[in-house]
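Below: the structure, in structure tokens.
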Amino acid sequence: MSHVSGMCDPSTGGPGDEDGLVAAGEEPETEPELARIALGLDGVRAAQRGRTAEARAGFEALWEALGEQDVFHRCVLAHYLADLQDDPQAELEWDRRALAAADSLTVERARTYGSTVQVRAFYPSLHLNLASDHLKLGEPDLAREQLERAVRSLDALPEGAYGARIRAAVDELRQRLR
């Protein structure tokens with residue numbers, strides 16, 4: 001159920017970490033946006049209190065409410081949902097959804113969420129989590145492939161604690177896969 005990184009986890013200071021729901025510089029303006037933020041915050045609180053099933057249910061409701069166009073928040077949310085799965089296959093599926101959302105988040109689209117969002121910085125964590133998923137599922141070759149993708153994208157990480165944490169997790173997984 002646990003992941004090797006906190007790409008968008010509010011407690012870890014990763015990209016998109018404000019609350020995982022509203023990017024820097026973005027102001028919620030409508031009732032639906034406020035309702036989605038409330039759903040997300042409820043899910044975060046439930047997860048922090050160890051109420052995994054409640055957090056999953058809240059985040060899944062938010063997933064539906066976001067719709068296909070809000071790819072930044074879908075990336076963040078899928079990342080959270082992957083962390084909350086008990087089944088490694090379900091974790092892999094949510095991590096794949098997070099990657100797909102990141103892949104569809106163009107630079108132009110990212111700018112609508114504020115200038116601090118850098119899509120490239122998501123990839124080391126996303127691929128690291130996919131590598132971890134494949135390892136849990138007994139698929140070391142697929143794990144190595146995803147880990148190599150994580151390594152190739154490390155240059156996109158910011159300096160500081162978050163970047164150091166992801167780099168350390170990559171090194172740790174690399175050692176495990178030897």
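Quick one: Pro140 ticks every box in (1) of a type outside the set (Phe, Trp, Tyr); (2) more than 18 Å from the chain's Cα centre (by Cα); (3) more than 21 Å from Glu93 (Cα to Cα) except a single one, so which number is it?
Checking Pro140 against (1) of a type outside the set (Phe, Trp, Tyr); (2) more than 18 Å from the chain's Cα centre (by Cα); (3) more than 21 Å from Glu93 (Cα to Cα), the one that fails is (3).
Give me the pairs, please: first residue somewhere in the range 54-76 and farther than 15 Å from Ala101 by Cα, second residue anywhere and hydroxyl-bearing (Ser, Thr, Tyr) and crowded, with 16+ Cβ neighbours inside 10 Å, beta-carbon distance under 6 Å, and either six or more positions apart or on two chains.
As it stands, the answer is Phe59/Tyr80, since those pairs meet every condition given.
Have a look at Gly50, Gly20 and point out the one that is outside any helix (DSSP H, G or I), at pLDDT 50 or above and within 30 Å of Gly160 (Cα to Cα).
Every option except Gly50 fails the conditions.
Across the range 50-74, what is the total count of residues that are more than 15 Å from Arg36 (Cβ to Cβ) and touching a Leu at 6+ places or on another chain (Cβ under 9 Å)?
4
Hey, among Ala164, Ala143, Ala78, which residue is small (Gly, Ala, Ser), closer than 25 Å to Arg45 by Cα and either modelled with pLDDT of 95 or more or buried (at least 22 other Cβ atoms within 10 Å of the Cβ) (or both)?
Ala78
Can you go through Ala102, Ala82 and tell me which one is more than 11 Å from Asp133 (Cβ to Cβ), touching a Phe, Trp or Tyr at 6+ places or on another chain (Cβ under 6 Å) and assigned to a helix (DSSP H, G or I)?
The conditions single out Ala102.
The values are calculated or read from the model by the stated rules, or taken from the named source; none is laboratory data. Small disclaimer: the values here were computed from a predicted structure and weren't measured. We place every Cβ from the backbone using ideal geometry, glycine too, and count neighbours over all the protein chains shown.
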